[in-house]
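J.: Sharing a structure here in structure tokens format.
The values are calculated or read from the model by the stated rules, or taken from the named source; none is laboratory data. None of these values were measured; they are calculated from a predicted model. Because the Cβ atoms are built from the backbone with ideal geometry, glycine has one as well, and the counts that use them run over all protein chains shown.
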């Protein structure tokens, strides 16, 4: 697996930087607070060293010579307490601010990522498991937020602290300061090495987590099939194998992270030993006071503390870089279907006599290159016509609907609605012009009203009228809370027929000019289907309709039947005409009639 170079990492950060600019004032305050925080941290070992020098009657700061030992210690203690209070207060304020920025940035990125995903074409979702998308919107975005919060500001804080400590040490004693600075070189090299290894291991771990989430989501959605066919043990084994791979990948990240901490701990102890050895020689030679040596021992600890924190945050940064890579991969996927800037509106066209006309001109389409499922289709559906699409499984009936609704773009040719190329109309306006009722209707978690309006603004009277037109008001009134009855995810507390009835109300309230029915009544019982058919008859008045039906007895009275085979239009005409031609339609119809007749 190829990991991007450091230059590309910074390039990725620059792409995400605009999110940080939205909170520039808070970030600026956090950066300003680094100065008093670093100074307060650097002065504390000095104060302790001066106190020790004062007790041992060694040379101290000049202003302390005017005080007695007890008064001098009291003054140093007061200054030390003041620096601790300043550091604690500023650290708390800064911690709150950076966490606030991190959460806001996380929210901004998650919003943009969700909006981008929902703008992608259907082909993307057919190729991408849902679990992988969930992982990127949740885990990866959260890791990215940490980079901007504790990570970025924290690393700057650690760098400033290290710089201030180094300058302070050199101002006191250059030999000991040089010794400690030289110890930073192997530490930095080891941190870079282990963090690069961590980066690679973390990328693999994130991919395994995505796969794990995909398997979990697939099994939850398909739980009925899992249980009906007794796949619990088999699917558990698949999940276990993936879970073990994820655990092993995480173990590798833990190893590299722990290696950094262990290395820093060991080198910090060596540094303290080195300071004691060299400092002891200098003290014995009267070249160094015991107070300054004590300050250097504290500095050796203070120097490696921010370095240790820097390493921890660097690990967080590596997780963040991995998240940026994965999020950027998703954000860089172009929306295949885009609205043009110079769109035409149905309202401004003015050709009202053509409302509901559909025309396919030399349309060919394939989900994969050079594998066409529709081939050179040419047909016209006049305004108000009721047209049925018929053909064997895989003939391309559903593909025609997807192209008409612009879920996919034709590979060749063009599609016109009311004389306008659908590429010249906004997707929103086109889809408001077309009402689609699928064989299975998706129900969102929420109440009945919101599942009819789908977030658009309609009055309760309009909602109720739509329910009455489609003859489902009686069913809704029988629900515990009527139109306010909560519906669980995917409509788990409704029957298949009840979910389908809600789909009719969704279309009725929008009053589209074109209706598409894809086996829309197949999940209804005989009595409900009869009521729904009456509702459909009302909806279809002065509307153009495309009907996909496998039960050919239900489409006898349509105006035209288009017969498809292998993506090609091979027959066209009404029921009687096609029976007379004795072609594919006649064969399918006779076969169904024979099957129905032979059934007990």
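J.: Which residues, taken from the range 28-42, are assigned to a helix (DSSP H, G or I), touching a residue at least 60 places away in the same chain (Cβ under 8 Å) and crowded, with 18+ Cβ neighbours inside 10 Å?
T.: Selection gives 30, 34, 37, 38, 41, 42.
J.: Next up: Counting just the residues of the range 104-115 that are surrounded by fewer than 16 Cβ atoms within 10 Å (Cβ to Cβ) and in contact with a helix residue (DSSP H, G or I) (Cβ under 9 Å, 6 or more places away or on another chain), which one comes out nearest to residue 407 (Cα to Cα)?
T.: Filtering first and then ranking leaves 114.
J.: Looking at 144, 159 in this structure, which one is over 26 Å from the mean Cα position of the chain (by Cα), in a helix (DSSP H, G or I) and either surrounded by 15 or more Cβ atoms within 10 Å (Cβ to Cβ) or in contact (Cβ under 8 Å) with a residue 40 or more places away in the chain (or both)?
T.: On inspection, the qualifying residue turns out to be 159.
J.: Could you list all residues from the range 121-140 that are buried (at least 17 other Cβ atoms within 10 Å of the Cβ) and within 20 Å of residue 428 (Cα to Cα)?
T.: Result: 121, single match.
J.: So, one more: Return yes or no: is residue 70 at pLDDT 80 or above, surrounded by fewer than 17 Cβ atoms within 10 Å (Cβ to Cβ) and either over 51 Å from the mean Cα position of the chain (by Cα) or not in a helix (DSSP H, G or I) (or both)?
T.: Taking the combined requirement at face value, the residue satisfies it.
J.: Go through 62, 24 for me and flag whichever is modelled with pLDDT under 75 and loosely packed, with under 14 Cβ neighbours inside 10 Å.
T.: Step by step, each of 62, 24 is checked, and only 24 is modelled with pLDDT under 75 and loosely packed, with under 14 Cβ neighbours inside 10 Å.
J.: Another question about this same structure. Among the residues of the range 167-190, are any over 30 Å from residue 286 (Cα atoms), crowded, with 21+ Cβ neighbours inside 10 Å and touching a residue at least 12 places away in the same chain (Cβ under 8 Å)?
T.: yes
J.: Can you tell me which residue is farthest from residue 262 (Cα to Cα) among those in the range 211-230 that are modelled with pLDDT of 80 or more and surrounded by fewer than 20 Cβ atoms within 10 Å (Cβ to Cβ)?
T.: Among those that are modelled with pLDDT of 80 or more and surrounded by fewer than 20 Cβ atoms within 10 Å (Cβ to Cβ), it is 219.
J.: Filter the range 107-120 for residues that are in contact (Cβ under 8 Å) with a residue 40 or more places away in the chain and part of a helix (DSSP H, G or I) and give the result.
T.: Of everything in the range 107-120, those that are in contact (Cβ under 8 Å) with a residue 40 or more places away in the chain and part of a helix (DSSP H, G or I) turn out to be 108, 109, 112, 113, 116, 117, 119.
J.: Within the range 256-265, identify whether any single residue is in contact (Cβ under 8 Å) with a residue 24 or more places away in the chain, under 28 Å from the mean Cα position of the chain (by Cα) and under 27 Å from residue 489 (Cα atoms), and answer yes or no.
T.: no
J.: Let me ask another. Checking the structure you have, find out if any residue of the range 121-138 is over 30 Å from residue 399 (Cβ atoms) and either in a helix (DSSP H, G or I) or outside the structural domain of residue 323 (by TED's automatic domain parsing) (or both).
T.: Yes, the range 121-138 contains at least one residue that is over 30 Å from residue 399 (Cβ atoms) and either in a helix (DSSP H, G or I) or outside the structural domain of residue 323 (by TED's automatic domain parsing) (or both).
J.: Out of (1) loosely packed, with under 15 Cβ neighbours inside 10 Å; (2) touching a strand residue (DSSP E or B) at 6+ places or on another chain (Cβ under 8 Å); (3) modelled with pLDDT under 85, the odd one out for residue 437 is which?
T.: Of the numbered conditions (1) loosely packed, with under 15 Cβ neighbours inside 10 Å; (2) touching a strand residue (DSSP E or B) at 6+ places or on another chain (Cβ under 8 Å); (3) modelled with pLDDT under 85, the odd one out for residue 437 is (1).
J.: Take residue 45 and decide whether it is crowded, with 18+ Cβ neighbours inside 10 Å and assigned to a helix (DSSP H, G or I).
T.: For residue 45, the condition - crowded, with 18+ Cβ neighbours inside 10 Å and assigned to a helix (DSSP H, G or I) - is met.
J.: Could you tell me which numbered condition residue 476 fails, if it satisfies all but one of (1) surrounded by 14 or more Cβ atoms within 10 Å (Cβ to Cβ); (2) assigned to a loop (DSSP other than H, G, I, E, B)?
T.: Residue 476 satisfies all of (1) surrounded by 14 or more Cβ atoms within 10 Å (Cβ to Cβ); (2) assigned to a loop (DSSP other than H, G, I, E, B) except (2).
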